[in-house]
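Below: one structure, written as structure tokens.
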Amino acid sequence: MIERKAMRQQVVLYSLGALIGVISGITAVLFRLLILGLSLVFVTIPQVLGVWGWVAVPGIGGLIVGFLVTRYATEAKGHGVPEVIEAYALHGGRIRFRVPLIKSIVSAICIGSGGSCGREGPIAQIGAGAGSVVASILNLDKRERRTLLVAGLSSGIAATFNAPLGGALFGIEVLAGGIIGFSILPVILASVVATATADLILGTSVSFQAPFFEMGHPIELVLYLVLGVILGFVSVIWMRGFYGIEDLLEKLRVSKYILPAIGGVLTGLLALITYQAEGFFGYSGLFPSDQPYYPAIMGVGYPFIDATLIGHVTLGALLLFGILKMLATSLTLGSGGSGGVFAPTLFIGAGFGGAFGLFCFTLNPWGVLQPMAFALVGMAALFAGTARAPITCIVMLMEMTADYSLILPLMISVSTSYLVSSLIQPESIYTSKLVRRGVRLQRGSHVEVLKTIRVEEIMTTKPEKLTADMTTSEVFTIIDKTHHTKFPVVDNNNNVLGILIAEDLFHEPKEDGQEYTVGELMNPDFLHLSPDCTMDSALQAMIRRDEGHAVIVDPRSPKRMLGYITKADVLKAYELSILRLQKSGVDVEDISPADIIDVD
């Protein structure tokens with residue numbers, strides 16, 4: 001009976017996953033068409049005003065975005081994925097109904113008006129919001145709601161890039177940090193259905209028009225390793241620069257309604273520089289027949305990537321446009337615009353990877369047969385260092401180009417970039433945004449959880465205390481009453497004098513028959529700890545001194561006692577840390593009952 005019920009629940013969840021896939025597939029198509037329609041409207045401004053229209057267009061778009069985001073849904077600004085991660089980890093997969101609606105509108109306006117950002121962040125948040133809304137309507141439990149949240153995000157990514165496996169892996173690696181807290185099969189099903197739905201409407205096509213690449217001379221593997229190291233450092237510069245510019249913009253004393261317009265105008269100035277540079281370098285992007293022209297760094301930037309992959313971009317343009325894209329995306333999103341960072345990261349990776357390939361080809365033509373293969377690998381390597389999703393990068397780039405011949409170069413560059421970036425910058429571009437808000441997510445591992453708890457959170461602030469003039473019989477009475485065996489000894493001003501444990505009471509009686517006092521038996525050499533030290537360090541200090549207790553004192557007045565802890569409090573701290581892990585995204589069922597210690 002129980003097995004049958006569980007099977008019915010699985011069937012329902014799989015069916016809902018397929019439904020979310022259909023919704024995400026249709027939404028991805030509508031979102032793309034909305035961007036195209038708005039682009040055709042906004043591009044008329046430069047046609048009327050001339051080249052200075054490229055400065056005005058993103059400014060106007062930013063003004064509209066600033067009003068809608070500030071007025072109706074602040075969660076819709078920025079690149080979207082961090083908000084989904086936070087909803088998954090801290091809010092049980094709940095996203096407000098209005099968020100996906102506002103996100104789709106403001107992101108389309110931002111991208112359509114030439115803002116430097118991508119489609120994947122918005123569609124990820126839109127798909128995740130759809131999954132959350134469906135789960136809320138059906139009153140599903142937390143695990144099922146989070147499953148549909150991941151399914152919505154993954155299927156949105158899959159439909160956008162025609163990459164079903166890459167979309168599913170994106171949700172697993174970037175959003176959930178591993179296969180915990182949700183069911184994987186509905187996520188895969190949703191990604192497949194979303195891709196099929198988008199293909200049914202728009203037709204099957206690859207995201208990038210890349211020629212067939214293959215590895216030439218074996219020495220190229222060394223060069224791909226070097227490329228991974230370089231892009232590992234570049235990914236750190238990209239992330240830190242992105243949030244550094246955001247900090248500078250937030251310091252401006254202007255209204256949140258106006259700030260995205262300021263970022264838009266600054267982006268437009270960079271676009272004007274790009275426009276002039278295109279003529280100098282003889283650059284021409286590969287725009288589909290139905291899409292209007294924009295300077296290379298504006299919008300999602302796919303025409304630049306396509307032109308790069310087929311070798312139509314010079315070394316100087318690759319480097320310059322890569323740098324300008326970094327600045328433009330930081331200005332667009334850092335000022336409060338709405339869009340993703342995935343496409344800009346691919347743009348930057350293609351620029352620097354292609355420049356590296358051309359440089360190596362110039363030095364060693366016989367050892368580098370296809371220099372633009374480095375552009376393709378650079379796209380994956382930079383995103384691996386930026387988003388910390390190495391498997392997703394490898395799989396998605398192969399799906400997006402229908403080219404599976406560069407698996408070895410991809411693995412070498414992606415893993416190297418990931419390692420270098422992780423050693424320098426512990427957080428990804430997505431989780432960095434949450435850390436800046438004070439949200440630190442811990443997933444998958446419960447190792448060293450005591451480092452997350454401070455002593456002041458656990459200590460007993462009003463412990464049972466002794467005074468130096470108490471006799472042993474008085475102490476035995478207190479022990480019988482409280483069942484405690486360790487006591488701080490204080491004076492009349494609550495200054496701690498020492499520690500007395502039950503074993504200290506057992507002494508040979510005095511020759512005169514009088515009782516010992518606490519002052520005679522206590523140990524004046526005891527462990528002092530600060531209230532802001534972690535329980536991990538407190539436990540280590542207890543082990544080093546072979547003591548099961550510590551007095552918590554004011555660092556400015558070491559004799560003044562603030563609290564008291566024992567080894568039993570370590571167990572309480574561990575339980576609290578486990579509860580916090582569960583709150584931040586780790587389900588109860590992910591921890592065996594033996595790991596949770598109930599201390600009463």
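The values are calculated or read from the model by the stated rules, or taken from the named source; none is laboratory data. Since this is a predicted model, take the numbers as computed values, not measurements. Glycine also receives a Cβ, built like all others from the backbone with ideal geometry; neighbour counts cover every protein chain displayed.
Does Ile245 satisfy the criteria of being assigned to a helix (DSSP H, G or I), outside the structural domain of Thr160 (by TED's automatic domain parsing), farther than 25 Å from Gly66 by Cα and not polar (S, T, N, Q)? It is false that Ile245 is assigned to a helix (DSSP H, G or I), outside the structural domain of Thr160 (by TED's automatic domain parsing), farther than 25 Å from Gly66 by Cα and not polar (S, T, N, Q). When the residues of segment 106-149 are filtered to those that are acidic (Asp, Glu) and part of a helix (DSSP H, G or I), the one that is farthest from the chain's Cα centre (by Cα) is Glu144.
Among the conditions (1) farther than 18 Å from Gly354 by Cα; (2) out of contact with any Ser or Thr (no Cβ under 8 Å at 6 or more places or on another chain), Phe374 misses just one, which is (1). Scanning segment 537-552 for residues that are in contact (Cβ under 8 Å) with a residue 12 or more places away in the chain and either on the phi > 0 side of the Ramachandran plot or buried (at least 16 other Cβ atoms within 10 Å of the Cβ) (or both) gives Ala538, Leu539, Met542, Glu547, Gly548, His549, Ala550, Val551, Ile552. Determine whether segment 333-346 contains at least one residue that is in the same structural domain as Leu272 (by TED's automatic domain parsing) and surrounded by fewer than 23 Cβ atoms within 10 Å (Cβ to Cβ). No, the conditions are met nowhere in segment 333-346. Is it true that some residue in segment 497-504 is closer than 23 Å to Val570 by Cβ, surrounded by 19 or more Cβ atoms within 10 Å (Cβ to Cβ), small (Gly, Ala, Ser) and in the same structural domain as Ala568 (by TED's automatic domain parsing)? Yes, there is a match, as at least one residue in segment 497-504 is closer than 23 Å to Val570 by Cβ, surrounded by 19 or more Cβ atoms within 10 Å (Cβ to Cβ), small (Gly, Ala, Ser) and in the same structural domain as Ala568 (by TED's automatic domain parsing).
So which residues in segment 273-322 are in contact with a helix residue (DSSP H, G or I) (Cβ under 8 Å, 6 or more places away or on another chain), without any contact (Cβ under 8 Å) to a residue 40 or more places away in the chain and part of a helix (DSSP H, G or I)? If the condition is that a residue be in contact with a helix residue (DSSP H, G or I) (Cβ under 8 Å, 6 or more places away or on another chain), without any contact (Cβ under 8 Å) to a residue 40 or more places away in the chain and part of a helix (DSSP H, G or I), then Glu278, Phe281, Gly316, Leu319, Gly322 are the ones that fit.
Rundown of residues vs (1) hydroxyl-bearing (Ser, Thr, Tyr); (2) surrounded by 24 or more Cβ atoms within 10 Å (Cβ to Cβ); (3) more than 27 Å from Phe208 (Cβ to Cβ); (4) touching a residue at least 12 places away in the same chain (Cβ under 8 Å), yes/no style:
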site	(1), (2), (3), (4)
Arg98	no, no, yes, yes
Ile111	no, yes, no, yes
Arg119	no, yes, no, yes
Ala124	no, yes, no, yes
Gly129	no, yes, yes, yes
Val134	no, no, yes, yes
Leu153	no, yes, no, yes
Ala159	no, yes, no, yes
Gly167	no, yes, no, yes
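Number of residues in segment 491-529 that are at pLDDT 80 or above, in contact with a Phe, Trp or Tyr (Cβ under 9 Å, 6 or more places away or on another chain) and not aliphatic (A, V, I, L, M) equals 1. Going through segment 513-536 one residue at a time, which ones are touching a strand residue (DSSP E or B) at 6+ places or on another chain (Cβ under 8 Å), in contact (Cβ under 8 Å) with a residue 60 or more places away in the chain and outside any strand (DSSP E or B)? Across segment 513-536, the qualifying residues are Ser530, Pro531, Asp532, Cys533, Met535. Being of a type outside the set (A, V, I, L, M), farther than 15 Å from Leu333 by Cα, under 33 Å from the mean Cα position of the chain (by Cα) and not assigned by TED's automatic domain parsing to the domain that holds Gly118 is a description that applies to Tyr294. Does any residue of segment 443-466 turn out to be assigned by TED's automatic domain parsing to the domain that holds Lys559, more than 24 Å from Ala568 (Cα to Cα) and modelled with pLDDT of 80 or more? Within segment 443-466, not a single residue is assigned by TED's automatic domain parsing to the domain that holds Lys559, more than 24 Å from Ala568 (Cα to Cα) and modelled with pLDDT of 80 or more.
Residue-wise test of (1) in contact (Cβ under 8 Å) with a residue 12 or more places away in the chain; (2) under 21 Å from Cys393 (Cβ atoms); (3) assigned by TED's automatic domain parsing to the domain that holds Met7.
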site: Val187; (1), (2), (3): yes, yes, yes
site: Val193; (1), (2), (3): yes, no, yes
site: Leu227; (1), (2), (3): yes, yes, no
site: Val254; (1), (2), (3): no, no, no
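Counting the residues of segment 46-60 that are among the aromatic types (Phe, Trp, Tyr) and either in a loop (DSSP other than H, G, I, E, B) or surrounded by fewer than 19 Cβ atoms within 10 Å (Cβ to Cβ) (or both) gives 1. Is one or more of the residues making up segment 196-215 crowded, with 16+ Cβ neighbours inside 10 Å, among the aliphatic types (A, V, I, L, M) and not in a loop (DSSP other than H, G, I, E, B)? Within segment 196-215, one or more residues are crowded, with 16+ Cβ neighbours inside 10 Å, among the aliphatic types (A, V, I, L, M) and not in a loop (DSSP other than H, G, I, E, B).
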